[in-house]
Amino acid sequence: MDRIERINRTLKYKGTILDIYDDEVRLANGNTAHWDFISHGGAAAVVPVLPDGRILMVKQYRNALDRFTLEIPAGKLDAPGEPGDEAAKRELSEETGYEAGEMIPLLILNTTVAFCNEKIWIYVTFIDDRCGEQSLDDDEDIQVKAYSVSELEEMIYSMQITDSKTIAAILAYKNKYVK
């Protein structure tokens, strides 16, 4: 046998954004093992760039870390198969009040490949200075502020920004667009 075969998948927990499974697998050497698997419906994020080159960021409380984080606007897909660019546009509008321009694909990121299938589609959009109203969920409290790429890079390397999608997106954006 030259491949790994899933023998059984047992749902252990069904949540609002993820499901947790116990996978029983047969390894290439014939042994069996139990692996944790977290199923996530996917997400989308966007690097929103203002005319002066600054990037809009959102500051929000993250319960898993028990602290506020600075991130690019992002959120889960509302339904299986929802296009990432539509989800990213929606999240930008809801979280910041700004409307997206053209959505330019930047990255696809698998966040934790050892045990989770989460995939985040990340886009760049160039926006104007006109801001509308945030449309936050009842459990969201989001502050919006623009930063220069150099300020964000400094916050990444001083470990103030630790969110993986934000780090990957900002550094990819800088590498591709900032000359």
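Annotations for the structure displayed:
- Selection count where residues are in a loop (DSSP other than H, G, I, E, B), touching a residue at least 40 places away in the same chain (Cβ under 8 Å) and in contact with a Pro (Cβ under 9 Å, 6 or more places away or on another chain), scope region 41-61: 1
- Single match in Val178, Val113 (criterion: out of contact with any strand residue (DSSP E or B) (no Cβ under 6 Å at 6 or more places or on another chain) and more than 16 Å from Ala43 (Cα to Cα)): Val178
- Tyr13 meets all of the listed conditions (1) surrounded by 11 or more Cβ atoms within 10 Å (Cβ to Cβ); (2) touching an Asp or Glu at 6+ places or on another chain (Cβ under 8 Å); (3) more than 29 Å from Ser158 (Cα to Cα) but one, namely (1).
- Condition met for Lys174 (assigned to a loop (DSSP other than H, G, I, E, B), open to solvent by 30 Å² or more (accessible area, probe 1.4 Å) and over 19 Å from Arg90 (Cβ atoms)): no
- Within region 16-49, if we keep just the residues that are open to solvent by 40 Å² or more (accessible area, probe 1.4 Å) and either in contact with a helix residue (DSSP H, G or I) (Cβ under 9 Å, 6 or more places away or on another chain) or among the β-branched types (Val, Ile, Thr) (or both), the residue that is farthest from Ile122 (Cα to Cα) turns out to be Thr32.
- Those strands (runs of 3 or more DSSP E) of region 62-167 in which 3 or more residues are open to solvent by 70 Å² or more (accessible area, probe 1.4 Å), without any contact (Cβ under 8 Å) to a residue 40 or more places away in the chain and of a type outside the set (Ser, Thr, Tyr) occupy 104-110.
- A count restricted to region 145-175 and to residues that are under 19 Å from Met103 (Cβ atoms) and of a type in the set (Val, Ile, Thr) stands at 2.
The values are calculated or read from the model by the stated rules, or taken from the named source; none is laboratory data. Not measured: the values here are computed from a predicted model. Glycine gets a Cβ as well: all are built from the backbone with ideal geometry, and neighbour counts include every protein chain shown. Ligands, DNA and RNA are excluded from the accessible area calculation, which covers all protein heavy atoms including side chains. Shrake-Rupley method; radii C 1.70, N 1.55, O 1.52, S 1.80 Å.
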